[in-house]
Amino acid sequence: MKTLNDALDIRRRIYQAFEMAESATDARERQQWLTFALVGGGPTGVELAGQIREIAGHTLDREFQTIDSAQARVLLFEGADEVLGAFGPPLARRAARTLHSLGVELHLGTTVTDVDARGLTVKGRDGATTRFEARTVLWTAGVEAPPIAAALARATGATQDRAGRIAVEPDLTVPGHPEIRVTGDAMSLDRLPGLAEVAMQSGAYAGRAVRHAVEGRTKQPKPFKYWDLGSAAYISRGRAVLKAGPLHLSGAIGWFARLFIHLAFLTGYRSRLGAVLSWSVAFATSSRRERAFTSSDAGGHADADAPVGRAPGPQASPPPP
């Protein structure tokens, strides 16, 4: 979900799946449309799984004649032994319990080996493969670095990691090329995650270094140090998990803390007030007013049979509640 069109495409596909299920005459095809698979149990996967269950059970409740939207299946596949592993075992267990209570089916210790227009193939720890039929598959396990990273690696001989990110020195320069600095999703340093906060801090660091060079300062900058401000994952209305240093919150307290963080990062009083009013209406009425769709929402992609959307990055999750 790198652009607004990506977000609109994913939104359109989710709602369209319910419409396709309503019009389907074959029971098997109807169930395929009512099955949503998410690959990756990080914050993005957990948040989208909770959102889809919320849409199915609340937003679209009693809006169809043939199907019961609440019967939609949401499958979450994760290669590790727990979801939200970066949050620590206590919060990971609480998140798993919340997902179970919402009706999300967790498939831990699994690897997705193939995806097509009718579903996906999954391999377990024992090596056995299982086929799941689902018309909507969302990749929430991260993305490759942008193409410019590969071009830079070819030109400079830099090393890339599995995601295609450039391995950089502690000052974010490419080895052997002190005039080139790499930041954000294109940078690989100390196993830092591909989060917006990492990109913001590394970008600010690189910007200061360039400014000092232009001003003629000869002193070498200190190595880049990332300050972890914490992580949060919204699961469903009234339930979230939040980790900030020694502070670990979950449930309603975590949900309110996450809302406060969202408000704190909005610019301007009017934006904050508008967000509070919008969230209050959505929470009180279970309604989502923004439900208009056009073919341009997906950047021109109108094929309902295309199954795969991308939703990387916890910072790009749907706004609460």
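The values are calculated or read from the model by the stated rules, or taken from the named source; none is laboratory data. Computed from a predicted structure; not experimentally measured. Cβ sites come from the backbone with ideal geometry, for glycine too, and all protein chains shown count toward neighbours. Keep in mind that these areas ignore ligands, DNA and RNA; they rest on the heavy atoms of the full protein, side chains included. Shrake-Rupley method; radii C 1.70, N 1.55, O 1.52, S 1.80 Å.
Structure above, values below:
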{"quantity": "Close pairs from the range 161-174: first open to solvent by 40 Å² or more (accessible area, probe 1.4 Å), partner outside any loop (DSSP other than H, G, I, E, B) and acidic (Asp, Glu), Cβ under 9 Å, at least 6 apart", "calculated": "165/185"}
{"quantity": "Number of the exception - residue 118 against (1) among the charged types (D, E, K, R); (2) touching an Asp or Glu at 6+ places or on another chain (Cβ under 9 Å); (3) crowded, with 19+ Cβ neighbours inside 10 Å", "calculated": "(3)"}
{"quantity": "Number of positions in the range 1-15 that are in a helix (DSSP H, G or I) and open to solvent by less than 50 Å² (accessible area, probe 1.4 Å)", "calculated": "8"}
{"quantity": "Where a residue in the range 17-37 is touching a residue at least 60 places away in the same chain (Cβ under 8 Å) and assigned to a helix (DSSP H, G or I) and its partner, wherever it lies, is crowded, with 18+ Cβ neighbours inside 10 Å and hydroxyl-bearing (Ser, Thr, Tyr), with Cβ under 7 Å and at least six apart", "calculated": "17/136"}
{"quantity": "Unmet criterion (only one of (1) surrounded by fewer than 16 Cβ atoms within 10 Å (Cβ to Cβ); (2) closer than 29 Å to residue 96 by Cβ; (3) at pLDDT below 70) for residue 317", "calculated": "(1)"}
{"quantity": "Some residue of the range 35-54 being farther than 21 Å from residue 239 by Cβ, over 16 Å from the mean Cα position of the chain (by Cα) and open to solvent by less than 10 Å² (accessible area, probe 1.4 Å)", "calculated": "yes"}
{"quantity": "Candidates 131, 154 - the one that is without any contact (Cβ under 8 Å) to a residue 40 or more places away in the chain, among the basic types (Lys, Arg), over 15 Å from residue 32 (Cβ atoms) and open to solvent by 60 Å² or more (accessible area, probe 1.4 Å)", "calculated": "154"}
{"quantity": "Scan of the range 134-145 for residues that are farther than 14 Å from residue 37 by Cα and either under 15 Å from the mean Cα position of the chain (by Cα) or free of Cβ contacts under 8 Å to residues at least 24 places away in the same chain (or both), ordered by number", "calculated": "142, 143, 144"}
{"quantity": "Residue that is farthest from residue 250 (Cα to Cα), among those in the range 55-83 that are open to solvent by less than 60 Å² (accessible area, probe 1.4 Å) and assigned to a helix (DSSP H, G or I)", "calculated": "69"}
